[in-house]
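**Q** Before we start, here is the structure in question, set down as structure tokens.
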Amino acid sequence: MASYAIEGKSSRQFQKTKAFMYERPEAWNDLLDQLTSATIDYLNHQISAGVQAVQVFDSWVGCLSPEDFRRYVLPHSRRLIQGIVPGVPVISFGTQTAGLLSLFKQAGGDVIGIDWRIELDEAWDILGEVAIQGNLDPAVLLSEPVEIRRQVRRILNQARGRPGHIFNLGHGILPETPIENVRALVDAVHQMSQNPEVLK
């Protein structure tokens, strides 16, 4: 949200956002304080309306170095997650975060979402005992069902039946994805999850 506010549109390099963050750290923190407070209020209102879990989704955070995340974002992420109604599961997700996963864990949350740029078992090695959501590349759903099944098998083999894995895409579904491929994905996950012998 901060990047949209500063850039005024989508960006690849986030030059304006980073320049603002580096040159005006007090204003940056003021902006993120306001966005964090608004997000806490919004999510807690969603919970009061019946939502049973929330996801904090930051698809651009991977543009930051670990040091920049630690200094400019982590305190706000931690406050946001701590501000959610106790007892409601919180999923913390970002893209291109392989180098930030240990910091994501420090921010809190019950589940850490990962994208396809890191293997599932490698993410668990970094995160330790935490639930993980992910991590199929959405572009796989543009392929044939045989490839979809192969990729599902690969991810479930990495999970090895470990509790706390939520099978999901590593980002949003692409608009041109055929609906029959989504059905093939869901069917494959259900079948292989219920019949572990097909994973061998």
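The values are calculated or read from the model by the stated rules, or taken from the named source; none is laboratory data. Given the structure is predicted, the values throughout are model-derived calculations rather than measurements. Positions of Cβ are generated from backbone atoms using ideal geometry, with glycine treated the same way; all protein chains shown enter the neighbour counts. These area figures cover heavy atoms from the full protein model, side chains too; ligands, DNA and RNA do not enter into them. Shrake-Rupley method; radii C 1.70, N 1.55, O 1.52, S 1.80 Å.
**Q** Ignoring ligands, DNA and RNA, what accessible area per residue does the stretch 12-171 give at 1.4 Å, in Å²?
**A** The answer is 51 Å² per residue.
**Q** Within the stretch 125-200, which GluC sites (Glu not before Pro) sit in a loop by DSSP and count at most 13 neighbouring Cβ atoms inside 10 Å?
**A** Within the stretch 125-200, the qualifying GluC sites (Glu not before Pro) (loop, at most 13 other Cβ atoms within 10 Å) are GLU129, GLU176.
**Q** Something else now. R0 = 22 Å: FRET efficiency of SER193 with ASP121, Cβ-based, nearest 0.05?
**A** 0.85
**Q** Name the aspartates and glutamates eligible as straight-distance cross-link partners of LYS16: C-alpha to C-alpha under 13 Å, and not fewer than 8 places from it in the same chain.
**A** LYS16 reaches GLU7.
**Q** Turning to a different aspect of this structure: Using 14 Å as the cut-off for backbone N distance, which residues of the stretch 58-84 belong to the label zone defined by a point 7 Å from the Cα of SER37 along Cα→Cβ?
**A** Only 80 fall inside the zone, counting backbone N under 14 Å.
**Q** Mind pulling the per residue volume of the convex hull built on the Cα atoms of the stretch 1-97? Å³ is fine. If you can, show how the numbers build up before the last one.
**A** Numbers: hull volume 9.5 nm³, N = 97.
Measuring per residue, one finds 98 Å³ for the Cα hull of the stretch 1-97.
**Q** To the nearest 10 square angstrom, how much accessible area does PHE20 have with a 1.4 angstrom probe?
**A** 50 Å²
**Q** I'd like to verify something in the chain: which complete DSSP H helices, judged by Cα projection on the helix axis, reach 20 Å or more and average at least -0.5 on the Kyte-Doolittle scale?
**A** Both cut-offs are met by 25-48, 179-194.
**Q** When only the heavy atoms of the protein chains count and the probe is 1.4 Å, how do ARG71, ARG162, ARG117 rank by accessible area, highest first?
**A** Ranked list, largest accessible area first: ARG71, ARG117, ARG162.
**Q** Keeping the other protein chains in place, figure out the carbon and sulfur percent of the accessible area of the chain, with a 1.4 Å probe.
**A** On the way: 5680 of 10960 Å².
Taking all protein chains in place, the chain shows 52 percent carbon and sulfur surface.
**Q** Tell me the label-point distance for the pair HIS45, ASN29, using the 7 Å Cα-to-Cβ offset, in nm and rounded to one decimal.
**A** 2.8 nm
**Q** Just to verify a number: FRET efficiency for LEU174 and ALA19, C-beta to C-beta distance, R0 = 22 Å, to 0.05? Don't skip to the answer; put the middle values down first.
**A** Details: r = 31 Å, r/R0 = 1.43.
It comes to 0.10.
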